[in-house]
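Enquirer: Before we start, here is the structure in question, set down as structure tokens.
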Amino acid sequence: MSSPTDSNTSAPIGDIDELVAYLAGGARAPADWRIGTEHEKFGFRNDDLRPPTYEGPRGIGALLEGIAQRYGWERIFDGDNLVALKRADSGSITLEPAGQLELSGEQLSTLHETCCEVEGHLHEVRSVADELQLGFLGMGFQPKWQREDMPWMPKGRYKLMRAYMPKRGGLGLDMMTRTCTVQVNLDVGSEADMVQKFRVSLALQAIATALFADSPFTNGVPNGFQSYRSHVWTDTDPDRTGLLDFVFEDGFGFERYVDYMLDVPMYFVYRDGKYIDATGQSFRDFLGGRLPAYEGHRPTLSDWSDHLTTAFPEVRLKRYLEMRGADSGPWNRICALSAFWVGLLYDQTALDAAWDVCKDWSLEERHHLRDSVPRLGLRTQHRGESLRALAERVLAISAEGLRRRARLNRNGVDERIYLQPLLEFTAAGISPADRKLALYHGAWAGSIDRVFSEFAY
């Protein structure tokens, strides 16, 4: 999750039009479109497989300090606690609530650069983690440890959310402490371009969830799901999650998204390095200087930017679009997610073809996919065929989009190479979750512990 920006020196927002202009101001010419890839991963101690705490010589705090010292990252603090790292042209490294380590990558031009970035990051993490006898695992849901076993990181934002989440859903604390995702952030060229990309990516997000499904275990045993991480979001907070049906309504645009966000209850206001508890309160009231937690004060654009990060739909709009439907996984699937969406959304012919696939889907059909895919994955049925068959068609559209992009690496190979893991899974008709379940029931003899050694980065 993003780190906030203190707003003391910023001018107050004048009216709602400024909020709309803020979103619209992110539009770029196609030549300037970039790719921003983020991924989270679970840490574990090599000796007992437990998630590391923040404190101590083998804690997450020590890991961040080691990375900062060795590789020249700037340290970011929450109070006295080191909670994030930044480096010019390298994005940031941040902590999720239970110490899941996240790389929020730089804005890059090609998928080749994206994969080099991820590989370089994992090398830096491993070089320090090995000395601390720590490992990292990419999956969608913590496969072994219960919610009570998960540590909490010393961040003010998470303290507020930890108290608020149980009021809104039964699995919000699991979302915070036991899930990991990979996402890609992509640019838009105009309001019309944003609308088409938002609709396509929201409708097809279930395909990404099925292709990347990798969370079939809870508390060390199979849970009956392909993507339990995706299921967790259905019982987290109905005010800020879901499919956003209004995106498909006539007249949708930046202004309608602002209306939605104004109705998403707040979490906090960040001032003077501290979090003011505004959980459940209204940003509309904040605009009018009537926020109970901060009476008489009005928000700045930094407050608005922070508030935009507190909604968690399947696709999220900031000044770009975030694809949020995939479980975390190994290096090649981090690259594959970005490839999948870049191929579909950054080539107009591919974008039009993808829209042709889903433009006549009903609200009920979109919700059927969202509700069924967490449990059934590629075996979900849609209009008389399996989602596997539909995924193969969408992957072919993505591949053609990447071919037309024609971004070559030093060996003259284009970006289609990063779709290979997805093509292999669809050809076999299985998911990453199916693969791990087969190992669990076979070579692992019912022991989840081997996932930490065989699938660690």
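Enquirer: Could you derive backbone 3J(HN,Hα) for region 183-191 from the dihedral phi with the Karplus parameters 6.51, -1.76 and 1.60 (θ = phi - 60°), listing whole Hz in sequence and x where the residue is Gly or Pro?
Expert: Once rounded to whole Hz, the list reads 9, 10, 10, 10, 7, 10, x, 6, 5.
Enquirer: Hey, another quick one. Sort the following peptides by mean Cβ neighbour count (other Cβ atoms within 10 Å, averaged over residues), highest first: 432-439, 247-254.
Expert: Per-residue mean Cβ counts within 10 Å order the peptides as 432-439, 247-254.
Enquirer: Tell me, how many Å apart are the Cα centres for region 414-457 and for region 17-59?
Expert: Result: 24 Å between the Cα centres.
Enquirer: Could you run the Karplus curve 6.51 cos²θ - 1.76 cosθ + 1.60 with θ = phi - 60° over region 29-38 and give me ³J(HN,Hα) per residue in whole Hz, x for Gly and Pro?
Expert: Per residue, the Karplus-derived 3J(HN,Hα) values read 5, x, 5, 9, 5, 10, 10, x, 10, 10 Hz.
Enquirer: Continuing with this model, one more query. In deg cm²/dmol, rounded to 500, what helix-only [θ] at 222 nm does the chain give when every DSSP H run of at least 4 residues adds -39500 (n - 2.57) and the total is split over its residues?
Expert: About -12500 deg cm²/dmol.
Enquirer: On to the next question. Does region 151-298 classify as rounded, prolate or oblate by the C-alpha gyration tensor (a ≥ b ≥ c root eigenvalues; a/c under 1.5 gives rounded; else a/b over b/c gives prolate, otherwise oblate)? Mind dumping the intermediate values first?
Expert: Working: a/c = 2.22, a/b = 1.13, b/c = 1.97.
Oblate, because a/c is 1.5 or more while a/b does not exceed b/c.
Enquirer: Could the peptides 236-244, 17-25, 340-348 be put in order, highest first, of the mean number of other beta-carbon atoms found within 10 Å of their residues?
Expert: 340-348, 236-244, 17-25
Enquirer: What net charge is computed for the residues neighbouring ALA427, neighbours being all others with C-beta under 14 Å from the C-beta of ALA427, Lys and Arg scored +1, Asp and Glu -1?
Expert: 0
Enquirer: In addition: When only DSSP loop residues count, what GluC sites (Glu not before Pro) in region 355-433 have their Cβ near at most 16 other Cβ atoms within 10 Å?
Expert: none
Enquirer: Order of 259-269, 135-145 by packing, highest average Cβ count within 10 Å first?
Expert: 135-145, 259-269
Enquirer: What's the exposure ranking of THR37, THR110, THR181, going from fewest to most Cβ atoms within 10 Å? Provide the component values of the computation, followed by the final result.
Expert: On the way: THR37 29, THR110 18, THR181 24.
Ascending Cβ contact count within 10 Å gives the list THR110, THR181, THR37.
Enquirer: Would you mind calculating the gained length between ARG410 and ARG256 on full extension (0.36 nm times residue separation, minus the Cα-Cα distance), in nm to one decimal?
Expert: Gain on extension, ARG410 to ARG256, equals 51.1 nm.
No value in this document is a laboratory result; all are computed from the given coordinates. None of the values given here were measured: they were computed from a predicted structure. All Cβ positions, glycine included, derive from the backbone under ideal geometry; neighbour counts span all protein chains shown.
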